[in-house]
Structures are given as structure tokens and as C-alpha cells.
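In what follows, a single structure is set out as C-alpha cells and then discussed.
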Amino acid sequence: MKLVIGAGAIAMLAAAAAPVVASPALVQAEAARNAENPALASVLADYEAYLRAADPISAGMEGDRTALSRLPDGSRAFEVAQEPVLRGLADRLAAIDPGGLSDDDRLNHAFLTYVLQRSRARIPLDTGRIDAFNSEGGPGQGLAYIASVTRIATAADAEAWIARLEAMPKSYADPLAAARRGLETGLVQPRSIVENALTLIEPEAALAPDADPLLKPFQTLPASIPAAQQTALRERAARAVADGIMPQRREWARFLREDYLPRAPDTLGLVHRPGGRELYAYLVRGFTTTDLTPDEVHAIGLQEVARIRARMDVEMRAAGWTGDFASFLNFLRTDPQFYATSREGLLEKASEMAKRADDGLPALFGTLPRLPYGVRPVPLAIEANYTTGRYNQGSMENGIAGGYMVNTSSLNQRPLYELPALTLHEAVPGHHLQIALQQEAEDGPYFRRSVDVTAFVEGWGLYSEFLGEEMGFYRTPYERFGRLSYEMWRACRLVSDTGIHWLGWNIEQARACFQDNSALAPLNIQTELQRYIGWPGQATAYKIGEIRLRAIRTRAERELGDRFDIRRFHDALLVDGPLPMGLLDGRMDRWIAEEQARPAD
């Protein structure tokens with residue numbers, strides 16, 4: 001799973017921006033770099049300026065020094081004010097005839113049209129009411145992530161981070177206001193999600209200064225900053241946290257405990273909330289980048305469960321198990337041979353697997369990213385409610401490597417037979433390879449380097465687990481079963497997410513698919529279910545994206561025959577960045593035709 005920056009204000013980046021117009025020089029630069037058509041180049045340039053204003057987090061990660069001192073505006077008023085700006089850009093795009101564009105221009109025209117349509121459709125839904133917090137906390141967790149990827153190399157960097165600290169009270173206040181609107185309108189998180197969030201937000205409200213993650217960037221300052229200035233900078237940062245941020249943290253904890261929790265319902269899904277069905281259908285379309293309905297997604301999930309289960313039975317027998325499926329799952333979940341005995345041991349095994357995955361990349365990819373990645377433990381403060389693993393993107397411009405995050409808590413719930421699939425998904429050839437290549441796609445428009453197309457990104461992660469079979473990565477029947485168990489996990493997501501939010505299931509109905517059909521540990525199942533409850537629709541992206549990616553590959557192999565080159569195929573998929581599924585189909589069909597016309601080597 002790729003880390004998506006936090007809840008609350010930070011999660012509203014796509015909807016927040018000031019009306020801007022690019023300078024003529026920027027328009028000309030964009031025209032030369034990104035589009036042959038001058039009208040399209042002008043729209044792309046203006047949209048780039050819009051996004052740089054809207055999303056200073058991504059802009060800063062790309063090396064925009066002025067963005068490093070800003071945070072996004074997450075207020076509802078600011079979100080609503082963007083409708084005319086987005087409409088103006090969409091109208092300008094609509095006035096351009098796609099039929100007269102080159103293939104590249106036509107693709108960028110279609111993609112930006114899609115992005116603008118999705119952004120505009122989101123505004124009336126006021127999703128901030130449900131996005132303000134989830135099972136992994138509130139705005140503080142997103143801000144702590146930003147702190148973790150902030151590197152201070154100069155006094156200007158220190159000043160920029162202090163400016164962000166001084167702006168953070170609003171980054172707490174805006175999602176708090178959104179959560180209050182949720183209470184007023186009935187679009188609320190259920191009680192279990194509030195309780196989970198409080199386990200992170202209450203300790204945050206009691207942090208001691210020397211343990212505050214927001215002050216972490218000041219732990220090591222460069223020698224180029226004089227000692228007296230270092231002291232002054234640290235004191236200013238500490239005051240910004242103590243005087244501005246800590247009161248907001250305490251108010252968040254008080255609000256959730258005293259105002260929200262007593263009014264939080266026990267019923268789980270959006271189907272039980274006012275406007276919830278409309279919102280959930282929108283979220284499913286957005287996360288899958290398709291027109292699939294929740295009912296269709298549920299049916300696909302059931303089909304995948306049956307298909308994967310048949311393969312799991314084969315690997316169970318290959319392991320020499322003569323009992324039934326349920327007893328095999330119990331064996332996998334309880335036998336000590338499948339579990340690390342120390343945090344360090346688990347991290348070392350993940351690191352060995354990551355390096356072994358690196359070794360297999362040149363056979364599958366012609367283009368590899370410049371940015372490296374590290375293997376890191378999930379921070380102790382958040383590990384209890386955190387997923388088994390995750391990927392944090394880095395920044396070559398800011399000197400930050402990507403991060404494969406491994407949860408080293410509750411070792412008896414982190415089976416080693418799942419670790420190969422997790423590593424391939426989160427590190428390489430999964431999220432790190434794909435996201436780093438996307439970040440480095442400098443020849444395309446700016447918006448395509450930072451856009452989040454969840455079905456592609458998570459579909460690629462799941463496809464990468466499948467690639468492990470071709471890499472010879474899974475060394476035992478247990479590891480192959482673990483790979484299938486992870487695929488079953490994503491199939492059950494389709495079933496349970498739609499079950500909860502569309503069909504009105506309770507948590508035990510949703511749990512059954514995972515408990516009965518996968519080897520996932522009970523803690524992992526519970527953590528994941530809370531994530532699906534609090535983050536509706538996101539879980540549907542993985543399997544839908546992977547199914548489409550594998551279908552595209554099957555089509556390419558069939559039509560190209562002996563001319564199919566896996567390295568060229570993967571480069572065609574990845575190097576220019578992700579696309580919604582429909583546009584991806586069209587781009588890869590053109591690639592197949594180009595390969596058919598290419599002279600034989």
C-alpha cells in the first residue's frame with residue numbers, strides 16, 4: 001500500500017487551490033515541453049500553476065523551494081471556491097478538438113479532462129466530513145509523515161519548516177470543522193473508528209517536546225548554521241508546537257472523546273448514512289477508475305475468491321498437508337517456524353528479500369529509477385493501528401530515499417510466508433519502482449508526475465506480487481501459498497468493502513471471507529477491516545487494477561507472439577506514469593500496434 005498523505009486538510013489537496021494564471025514565460029515553456037497544440041499547452045501550464053499552489057507538499061517534494069514553507073488550505077469555503085476555477089479549465093479543454101491533436105496531446109487532453117471532472121464531482125459531496133479522521137488517526141498523523149520526509153540542509157530549510165509549523169494550527173482546525181459538519185449532517189464515522197483514532201490522537205495530545213515528531217527535522221542541523229542560530233531556530237520551532245499546535249491537538253482529542261464518540265453509531269457502512277449510497281458509488285468509480293457499480297465489484301470479488309481458492313488447494317497439497325483447508329490455516333497461523341522472534345530479525349529478513357528483489361529487476365525492466373529506497377520499521381508510536389507494511393515515497397531533489405515500511409510489532413501476527421509478497425508489493429518491483437519512475441517522468445506534464453491513480457498504483461503493486469512467480473522469488477510451497485493468500489486478501493476486499501458500505505454488512509460478515517479463505521493473521525484482519533470501514537472504497541482499487549493490468553499483458557502476448565518483450569512492455573506501462581484504466585487500455589493498444597510495425601531486431 002502506498003502511503004496517502006493523512007486525513008483532514010492534507011487529504012483535501014486535490015480540491016484546494018487559489019485561482020492562478022501562469023506567466024507567459026511558463027506557458028511557453030510548457031508548450032515546448034508538453035504539448036504541440038498551443039491551446040492545450042496553455043491549459044497544461046495554467047493547471048500546473050494551479051497544482052503548485054494547491055499542493056505545496058508535492059511541489060516541495062519536487063524541489064520547489066518556495067512550496068516548502070506552505071501547507072494546503074483545507075477549509076470548506078476554499079474547496080467550494082475552486083469550482084469556478086476548475087470549470088474554467090474544463091471549458092477551455094472542451095473547446096479544443098481532440099481529433100486535431102497528436103497522440104500524446106490527445107492522451108493528455110483526455111487525462112486532464114478526467115481529472116477535472118473527478119475533482120469537480122467531489123466538491124458537492126463534501127467528503128471532508130468523512131475524511132477528517134479514520135482508524136489511523138487524524139491530521140496529526142499526516143503532518144508527522146511530512147515531518148519524517150523533511151530534511152534541513154540550510155538555514156532557509158529550517159525557516160521553511162518553522163513556517164509550516166506556524167501554519168499547522170489551521171491544518172488541525174479545518175478538518176475539525178469538517179468533522180463537526182459530519183456530526184451535523186449525519187455523515188459520520190462509526191464508533192469503532194472513533195475509538196481507534198483516539199488511541200493515536202490522545203497520546204499525540206500528551207506528547208513531551210523531546211518526543212514530538214514535528215520537531216524531528218531539528219534533531220540534526222548542518223554545521224553551516226552557527227550554534228547560536230541553531231539554538232534560536234529550535235526554540236522558535238518548539239514555541240510553534242507548544243503555543244499553536246498542542247492546543248489544537250488537545251481540542252481534537254477532547255472533541256472526539258466528548259462530542260463525537262457519544263454520537264457515533266454502531267452501524268458501519270456508508271449505506272447507513274445520509275447520501276451514503278451516492279457517495280460510495282462515486283468513491284468506487286474513482287478508486288477503480290472505471291464505471292463499475294458496487295454490485296459489479298462485489299460479484300467480481302466472489303468470482304476471484306473461488307478462482308484463487310482452487311490454486312491455494314494445490315499449494316497446500318504441495319506442502320504435504322493431508323488435512324483440510326481450515327486445519328492448514330490454523331497450522332500456518334500458529335506454528336512458531338513461520339514467525340520471526342525479534343523485531344530486528346523481521347527487519348533483516350525483509351531487507352534480504354528486498355535486495356534479492358533488486359537483483360531480479362534488470363530481467364524485467366529496461367528502465368529503472370535513480371532514487372533508491374530503504375527498509376524501515378514502522379514508528380513505534382503508530383504501529384498498533386498500522387498495516388503490516390507500506391511504502392513512503394521519497395524525493396531525489398530533497399535527498400530523501402523511498403521507504404519500505406515494515407511493521408515489527410506483534411511478531412506472532414507477521415508470518416514470514418507472507419513477507420516475500422509484501423516486499424515485492426511495497427518495495428520493488430512494486431510501489432517504489434513505479435512511483436519513483438512516475439516522479440522522474442520529467443518529459444510529461446507536471447500533473448501526471450503527482451496524480452494518484454489508485455487502481456493503477458495498487459493494481460501494479462498486486463501485479464508485482466504475481467511477477468514474483470516469474471522471478472522465481474517464492475522458494476517454498478508456503479511462500480507460494482502466502483502469495484496466494486495475499487491475492488485472496490485483495491479479492492476479499494472487493495467482497496467486504498462493498499458488503500460493508502453498499503450491502504450493510506456487519507463486521508463479522510465482512511471478516512468471514514478473510515478468516516475462511518486466507519492465512520492472514522487475526523490482528524491483520526482486524527486492522528484491515530477497520531481501515532476499510534474508515535476509508536470507504538479504497539480497498540476496491542487493488543484487484544480491479546491488477547485484473548486489468550494482467551488482461552492488457554495477456555492481450556499483448558497474444559497479439560505480439562514471439563515479438564513480445566517483457567522489458568519493453570513494462571517500460572511502456574510505467575515510464576510515462578499511471579493512467580485511468582480506460583485510457584491505459586487505449587495507450588497500450590497503440591503500443592501493441594507500434595510493436596507490430598517495428599522492424600524485427
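Observations, loosely collected:
- Just one of (1) open to solvent by less than 40 Å² (accessible area, probe 1.4 Å); (2) farther than 24 Å from residue 411 by Cβ fails for residue 358. It is (1).
- Filter pass, residue 97 being more than 27 Å from the chain's Cα centre (by Cα) and of a type outside the set (A, V, I, L, M): yes
- Here is the figure for segment 59-101: residues that are among the acidic types (Asp, Glu) and in a helix (DSSP H, G or I) total 3.
- Extreme residue, farthest from residue 61 (Cα to Cα), among residues of segment 332-355 that are open to solvent by less than 40 Å² (accessible area, probe 1.4 Å) and touching a helix residue (DSSP H, G or I) at 6+ places or on another chain (Cβ under 7 Å): 332
- Which numbered condition residue 147 fails, given (1) open to solvent by less than 40 Å² (accessible area, probe 1.4 Å); (2) within 22 Å of residue 453 (Cβ to Cβ); (3) within 23 Å of the chain's Cα centre (by Cα): (2)
Rundown of residues vs (1) surrounded by 20 or more Cβ atoms within 10 Å (Cβ to Cβ); (2) not charged (D, E, K, R), yes/no style:
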position	(1), (2)
41	yes, yes
76	no, no
84	no, yes
88	no, yes
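- Looking at 283, 347, 361, just one residue is in a helix (DSSP H, G or I), within 27 Å of residue 478 (Cα to Cα) and touching a residue at least 60 places away in the same chain (Cβ under 8 Å), and that residue is 347.
- All positions within segment 74-110 that are closer than 20 Å to residue 583 by Cβ and of a type in the set (Gly, Ala, Ser): 90, 94, 99, 100, 102, 110
- Residue 387 being open to solvent by less than 10 Å² (accessible area, probe 1.4 Å) and at pLDDT below 95: yes
- Among (1) open to solvent by 50 Å² or more (accessible area, probe 1.4 Å); (2) within 27 Å of residue 436 (Cβ to Cβ); (3) not hydroxyl-bearing (Ser, Thr, Tyr), the one test that residue 295 misses: (2)
- Residue count, segment 364-390 (criterion: over 28 Å from residue 570 (Cα atoms), of a type outside the set (Ser, Thr, Tyr) and not in a helix (DSSP H, G or I)): 6
- Residue selected from segment 391-408 under the condition more than 16 Å from the chain's Cα centre (by Cα) and outside any strand (DSSP E or B), by the criterion farthest from residue 523 (Cα to Cα): 397
The values are calculated or read from the model by the stated rules, or taken from the named source; none is laboratory data. Keep in mind the model is a prediction, meaning the values are calculated, not measured. In this analysis, Cβ positions are derived from the backbone assuming ideal geometry, glycine residues included, and neighbour counts consider all displayed protein chains. Keep in mind that these areas ignore ligands, DNA and RNA; they rest on the heavy atoms of the full protein, side chains included. Shrake-Rupley method; radii C 1.70, N 1.55, O 1.52, S 1.80 Å.
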